[in-house]
Amino acid sequence: MVQQRKNPTLHAEIVAINRACKKLGTKFLDDCDIYVSLEPCAMCATAISFARIHNIYFAALDAKGGGITANARIFETDKHLWKPRVTQMPEYADTSAELLREFFKQRRKVKDKNNE
C-alpha cells in the first residue's frame, strides 16, 4: 500500500486501524486486539496507543525498524495515555520472517519487471 499509493504512512497497522474504526463507527478500539507478523514501528505503535487497542500480538522482532523492543521503545515511557499489553509470539517468528522476506522478494521482482 505504501508504494502503490505513494504514502509512507500506510503501513498495515494504520490501514487496519482505519478500517476497524470505520467498520465499528468509533475512534477507539479498546475492545480490540491487533495481530501482526512483524514488530510494529514507532509510528504504528503510537497509532495503536492512540486507538486504545487492548493487545498487540506480533511474531518477528524487528531490530532495525521496530518501535517496541528496539529503537524508540514506545511503551517504555510514562508519556502514553494508553499502553496496550504487548505479546511477542516467538514460536511464529521464523515462519513470519520467511513469509515477509518472500513477499517482498516477489514485490521487487514485479517492480524490476515493470521497470524493464
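Calculate I(q)/I(0) for the range 20-116 by the Debye formula, one identical point scatterer on each C-alpha and no solvent, and give its log10 at q = 0.18 Å⁻¹ to two decimals.
At q = 0.18 Å⁻¹ the computed log10 ratios are -0.86.
Which helices count as membrane-span-like in the chain under these terms: full DSSP H, at least 30 Å along the axis by C-alpha, Kyte-Doolittle mean of 0.5 or more?
none
Using unit Cβ charges (K, R positive; D, E negative) and no other charged atoms, how large, in debye to the nearest 20, is the dipole of the range 9-116 about its Cα centre?
It works out to roughly 480 debye.
If you take every residue apart from residue 88 with its C-beta less than 12 Å away from the C-beta of residue 88, what net charge results, scoring Lys and Arg +1 and Asp and Glu -1?
It works out to a net charge of -2.
Just need the relative contact order of the range 38-116 here, percent rounded to a whole number, with Cα pairs under 8 Å and 6+ apart.
33
FYI, it's all coordinate maths here, none of it is from the lab. Computed from a predicted model, the values in this text were never measured in an experiment. Neighbour counts are summed over all protein chains in view; Cβ atoms, including those assigned to glycine, are modelled from backbone coordinates with ideal geometry.
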